[in-house]
1. Among residues belonging to the range 253-300 that are touching a strand residue (DSSP E or B) at 6+ places or on another chain (Cβ under 8 Å), in contact (Cβ under 8 Å) with a residue 60 or more places away in the chain and in a loop (DSSP other than H, G, I, E, B), point out the one that is farthest from residue 64 (Cα to Cα).
2. Sort out which residues of the range 68-88 are more than 23 Å from the chain's Cα centre (by Cα) and at negative phi, and write them in order of number.
3. So residue 154 fits all but one of (1) closer than 23 Å to residue 52 by Cα; (2) crowded, with 17+ Cβ neighbours inside 10 Å; what number is the exception?
4. List, please: which pairs have Cβ atoms under 6 Å, are six or more places apart or on different chains, and start with a residue in the range 53-79 that is more than 20 Å from residue 90 (Cα to Cα) and end with one that is at pLDDT below 95?
5. Which of the numbered conditions does residue 232 fail, given that it passes all the others? Conditions: (1) surrounded by fewer than 21 Cβ atoms within 10 Å (Cβ to Cβ); (2) under 19 Å from residue 67 (Cβ atoms).
6. Is it the case, given these coordinates, that residue 275 is modelled with pLDDT of 95 or more, touching a helix residue (DSSP H, G or I) at 6+ places or on another chain (Cβ under 9 Å) and surrounded by 12 or more Cβ atoms within 10 Å (Cβ to Cβ)?
7. Of the conditions (1) surrounded by fewer than 16 Cβ atoms within 10 Å (Cβ to Cβ); (2) in contact (Cβ under 8 Å) with a residue 12 or more places away in the chain; (3) closer than 25 Å to residue 74 by Cβ, residue 248 satisfies every one except a single condition; which number is it?
């Protein structure tokens with residue numbers, strides 16, 4: 001029929017851009033936005049292989065290395081739980097521009113630091129300086145569980161000579177105290193911080209602003225807040241309550257039921273807080289670590 005071919009050509013010319021637009025829109029909808037906070041429940045996290053794992057050292061990645069959302073973290077390289085079999089050992093590691101913290105949850109073992117062995121027991125914590133070869137070992141007949149925390153140091157940060165030996169401190173030896181700006185219903189133990197500070201039990205870090213322990217009274221809270229140039233991780237060691245993660249434009253914080261084993265990661269500026277259960281005898285303890293995130297220079 002006369003004029004049919006031109007109309008078909010025109011129809012095809014109009015449909016092609018429409019199909020391309022739909023394809024582009026579909027691709028845009030599939031692109032994931034980086035989360036402002038993450039949640040993991042430690043007992044459900046599967047063991048993964050990393051540079052420190054071995055046949056007798058098993059690692060559960062909560063955040064960072066080997067975790068599915070590792071691109072969300074910034075200075076955090078690794079935050080997870082290592083379990084060592086009786087008589088087991090992790091692989092020896094050495095990081096030129098990374099610092100590490102160990103906190104022993106249960107068991108007895110030792111850390112080898114520059115070839116020398118130093119005993120560690122439950123509730124012990126220590127700082128491993130960059131450039132030091134080290135390894136965690138279990139020399140008992142019971143499993144050893146420890147939280148492993150690793151952070152990368154920016155290239156612009158000058159690194160000094162590492163301490164000749166690690167400082168190992170037990171949590172029970174620290175006094176509980178209040179912290180300015182937070183209510184008295186939560187008491188803190190200040191475990192580790194920057195090498196320019198003097199308030200913590202171990203002040204040797206470059207990126208770790210604070211490793212601390214929180215003891216919540218019944219109904220206690222540390223009030224929802226945020227940090228503009230730091231990321232933070234909370235691990236509920238025992239107790240239960242409500243974790244605050246994020247919030248809406250109405251100023252109401254997002255509350256999430258939390259129990260022992262729950263871990264939350266917060267990016268800079270994300271709302272963070274915790275409300276302990278408000279009933280007689282309710283106690284909750286949280287191990288928390290906050291690391292400095294360099295603010296990028298504005299583009300010209």
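1. Ranking the qualifying residues of the range 253-300, first place goes to 282.
2. Quick first cut of the range 68-88, residues more than 23 Å from the chain's Cα centre (by Cα) only: 85-88.
Across the range 68-88, the qualifying residues are 85, 86, 88.
3. Single failed check for residue 154: (2).
4. Cβ pairs passing all conditions: 72/34; 72/35.
5. With respect to (1) surrounded by fewer than 21 Cβ atoms within 10 Å (Cβ to Cβ); (2) under 19 Å from residue 67 (Cβ atoms), residue 232 is out only on (1).
6. Details: modelled with pLDDT of 95 or more: yes; touching a helix residue (DSSP H, G or I) at 6+ places or on another chain (Cβ under 9 Å): no; surrounded by 12 or more Cβ atoms within 10 Å (Cβ to Cβ): yes.
No; evaluated as a whole, the condition is false for this residue.
7. Result: residue 248 passes all but (2).
Every residue, every condition in (1) out of contact with any helix residue (DSSP H, G or I) (no Cβ under 7 Å at 6 or more places or on another chain); (2) more than 23 Å from residue 117 (Cα to Cα); (3) at pLDDT below 95, yes or no:
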{"position": "51", "(1), (2), (3)": "yes, no, no"}
{"position": "62", "(1), (2), (3)": "no, yes, no"}
{"position": "67", "(1), (2), (3)": "yes, yes, no"}
{"position": "74", "(1), (2), (3)": "yes, yes, no"}
{"position": "94", "(1), (2), (3)": "yes, no, no"}
{"position": "97", "(1), (2), (3)": "yes, no, no"}
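The values are calculated or read from the model by the stated rules, or taken from the named source; none is laboratory data. On a predicted model such as this, the values are computed, not experimentally measured, just so you know. All Cβ positions, even for glycine, are placed from backbone atoms using ideal geometry, and neighbour counts span all protein chains on display.
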